[in-house]
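Asker: Handing you a structure now.
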Amino acid sequence: MTELEQYRQEIDRIDGELVRLFLERMAVTGKVGEYKRRAGIPVLDAGREKQVIAAKTALTDDPARKADIAALYESIMAISRRQQRHLVHEGAEDAGYAAWLADRARTREPVARPRVVYQGEPGCYSEEAAAGFFGDGVDSKGLPWFNDVFAALDRGEADYAVVPVENSSTGSIRQVYDLMAQYHYFIVGEWQVKVEHCLMALPGVGLDRIRTVYSHEQGLMQCEKYLDAHREWARAPTLDTAGSAKLVAETGDPTAAAICSRRAARLYGLNILAEGVNYNSMNHTRFAVVSPAPELRPGRDKISAMFHLPHQSGSLHEILTIFAVQGFNLLKIESRPIPGRGWEYLFFLDFTGDLAAEGMDGVLHELSQLAAEFRILGNYRGYEG
């Protein structure tokens, strides 16, 4: 037997003991679950778990091993909670869970002939996303600002809003996340659009005459490498890409160009000077379909949620441990500062799942107990392309 084989044999012996002791521990935590069920006690006791971790990490003086032991026991206790939730039926006493029950009671069927709003002018990528999700004949209307879009839903002037939430080149659309936190609305679907930016100007105008390029700030960022090769051009941000095309067409300025889609060029009668000017050829924007009431459409496999965590060590790790133990695929995590509360953040999560699936109630209880201001933003079918 080689030296390595001897080490492995010793590890196998230790692992056998660990498994035996783990099963013994789970048998005892099962009895704890039975007691909690009879006594009407919630599964999660965060104070007790912190005491356990502190006691176990105190058994070593090695700082690295302290962190490892803490991570080990966080996982073990998450598994124990999952076991106990099969025994304990928790009510709606958790604020976040109670809020979800109230929201779920307002669930509606999809609107048959929807009125849809988006930010931007006709020809923008948001309009394309609305047509992609609802169909080409959808009754859609563009509004100047994201605030206007959400306010239109609030006034009952539209049934849905289609808003960009993330671009594969430049990241999240922060204004939309802030508005989702401000308004109590729900994501009921999503769509993706491949972004293929073109540089366009008035008919008969060549590159040599361009002095200013207009586009949405995201469009300018996504075409930064191309624009860097033309440092003599000023960059002017506008409210949206199609709006920049409309601006060039209406002003008739031969020194102005716009960055937007081929569709916008056709719509506003502009001539394309260069195609594919975005530096990422796989540039896509993901759009959320937002509703004032929750909907549970067929095929839903994605959940979006938001919450606030206390400003203390390990609080986010506790949340992420739940996802690891439950086997959920965490698709995205985003943080946004909370106005008026220095260095405190709202977290937005996207993960795989169906809220109607077995065991999901327990997960929602646990998330609600660990995180403040926990809110389900929607359960919908992820874009498949």
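Asker: Kindly indicate which of GLU128, GLU166 is closer than 30 Å to MET221 by Cβ, at pLDDT 95 or above and touching a helix residue (DSSP H, G or I) at 6+ places or on another chain (Cβ under 8 Å).
Answerer: Values: GLU166 fails: touching a helix residue (DSSP H, G or I) at 6+ places or on another chain (Cβ under 8 Å).
Being closer than 30 Å to MET221 by Cβ, at pLDDT 95 or above and touching a helix residue (DSSP H, G or I) at 6+ places or on another chain (Cβ under 8 Å) holds for just one of GLU128, GLU166, which is GLU128.
Asker: Looking only at the range 204-219, count every residue that is modelled with pLDDT of 95 or more and either assigned by TED's automatic domain parsing to the domain that holds PRO164 or out of contact with any helix residue (DSSP H, G or I) (no Cβ under 7 Å at 6 or more places or on another chain) (or both) and tell me the total.
Answerer: Qualifying residue count for the region: 9.
Asker: State whether the residues of the range 241-251 include one that is more than 22 Å from GLN175 (Cβ to Cβ), in contact with a Gly (Cβ under 9 Å, 6 or more places away or on another chain) and modelled with pLDDT of 95 or more. Don't jump to the end; show me each part of the working.
Answerer: Applying the first criterion (more than 22 Å from GLN175 (Cβ to Cβ)) to the range 241-251 yields 248-251.
From what is left, the residues that are in contact with a Gly (Cβ under 9 Å, 6 or more places away or on another chain) are 249.
Within this subset, residues satisfying the condition of being modelled with pLDDT of 95 or more are 249.
Among the residues of the range 241-251, at least one is more than 22 Å from GLN175 (Cβ to Cβ), in contact with a Gly (Cβ under 9 Å, 6 or more places away or on another chain) and modelled with pLDDT of 95 or more, which makes the answer yes.
Asker: Could you check LYS332 against (1) over 20 Å from PRO42 (Cβ atoms); (2) out of contact with any Pro (no Cβ under 7 Å at 6 or more places or on another chain); (3) without any contact (Cβ under 8 Å) to a residue 60 or more places away in the chain and say which number it fails?
Answerer: (3)
Asker: A further question on this structure: Are there any strands (runs of 3 or more DSSP E) wholly within the range 278-370 with 1 or more residues that are farther than 26 Å from GLN175 by Cβ and in contact with a strand residue (DSSP E or B) (Cβ under 7 Å, 6 or more places away or on another chain), and if so which? Talk me through it step by step, then tell me what you get.
Answerer: Numbers: elements: 284-291, 302-308, 330-337, 345-352.
Those strands (runs of 3 or more DSSP E) span 345-352.
Asker: For residues in the range 1-42 being of a type in the set (Gly, Ala, Ser) and closer than 16 Å to ILE76 by Cα, which is surrounded by the fewest Cβ atoms within 10 Å (Cβ to Cβ)? Break it down stepwise before answering.
Answerer: The first filter runs over the range 1-42 and keeps only residues of a type in the set (Gly, Ala, Ser), leaving 16, 27, 30, 33, 39-40.
Filter again for closer than 16 Å to ILE76 by Cα, leaving 27, 30, 33.
Numbers: ALA27: 10, GLY30: 15, GLY33: 20.
Per the stated criteria, the residue is ALA27.
Asker: Could you list, in sequence order, all residues of the range 199-242 that are in a helix (DSSP H, G or I) and surrounded by 24 or more Cβ atoms within 10 Å (Cβ to Cβ)? Break it down stepwise before answering.
Answerer: Our first condition is that a residue be in a helix (DSSP H, G or I); within the range 199-242, this holds for 207-209, 217-222, 224-228, 241-242.
Once the filter is applied, which keeps residues that are in a helix (DSSP H, G or I) and surrounded by 24 or more Cβ atoms within 10 Å (Cβ to Cβ), the range 199-242 yields GLY219, GLN222, THR241, ALA242.
Asker: For the range 27-61, how many residues meet the condition of being of a type in the set (A, V, I, L, M, F, W, C) and within 15 Å of SER80 (Cβ to Cβ)?
Answerer: Residues of the range 27-61 that are of a type in the set (A, V, I, L, M, F, W, C), as a first pass: 27-28, 32, 39, 41, 43-44, 46, 52-55, 58-59.
From what is left, the residues that are within 15 Å of SER80 (Cβ to Cβ) are 27-28, 32, 41, 43-44, 46, 52-53.
Adding up the residues that qualify gives 9.
Asker: For residues that are part of a helix (DSSP H, G or I) and in contact with a strand residue (DSSP E or B) (Cβ under 6 Å, 6 or more places away or on another chain), scanning just the range 135-162, find the one that is surrounded by the most Cβ atoms within 10 Å (Cβ to Cβ). Even if it seems obvious, please write down each step before you answer.
Answerer: Initial filter on the range 135-162 (part of a helix (DSSP H, G or I)): 146-154.
Still in the list and also in contact with a strand residue (DSSP E or B) (Cβ under 6 Å, 6 or more places away or on another chain): 146, 149, 152-153.
Details: PHE146: 20, VAL149: 26, ALA152: 18, LEU153: 19.
Among residues in the range 135-162 that are part of a helix (DSSP H, G or I) and in contact with a strand residue (DSSP E or B) (Cβ under 6 Å, 6 or more places away or on another chain), the one surrounded by the most Cβ atoms within 10 Å (Cβ to Cβ) is VAL149.
Asker: So, one more: When both residues are 6+ apart or on different chains and their Cβ atoms are under 7 Å apart, which pairs have a first residue that lies in the range 367-385 and is touching a residue at least 12 places away in the same chain (Cβ under 8 Å) and closer than 13 Å to PHE348 by Cβ, and a second that is part of a helix (DSSP H, G or I) and hydroxyl-bearing (Ser, Thr, Tyr)?
Answerer: PHE374/SER368
Asker: Here are some conditions: (1) free of Cβ contacts under 8 Å to residues at least 40 places away in the same chain; (2) out of contact with any Asp or Glu (no Cβ under 8 Å at 6 or more places or on another chain). LEU296 meets all but one. Which one does it not meet?
Answerer: So LEU296 meets the others, but not (1).
The values are calculated or read from the model by the stated rules, or taken from the named source; none is laboratory data. Only a predicted model underlies this, so the values are computations on that prediction, with no experimental measurement involved. Note: ideal-geometry Cβ built from the backbone for every residue, glycine included; neighbour counts use all protein chains shown.
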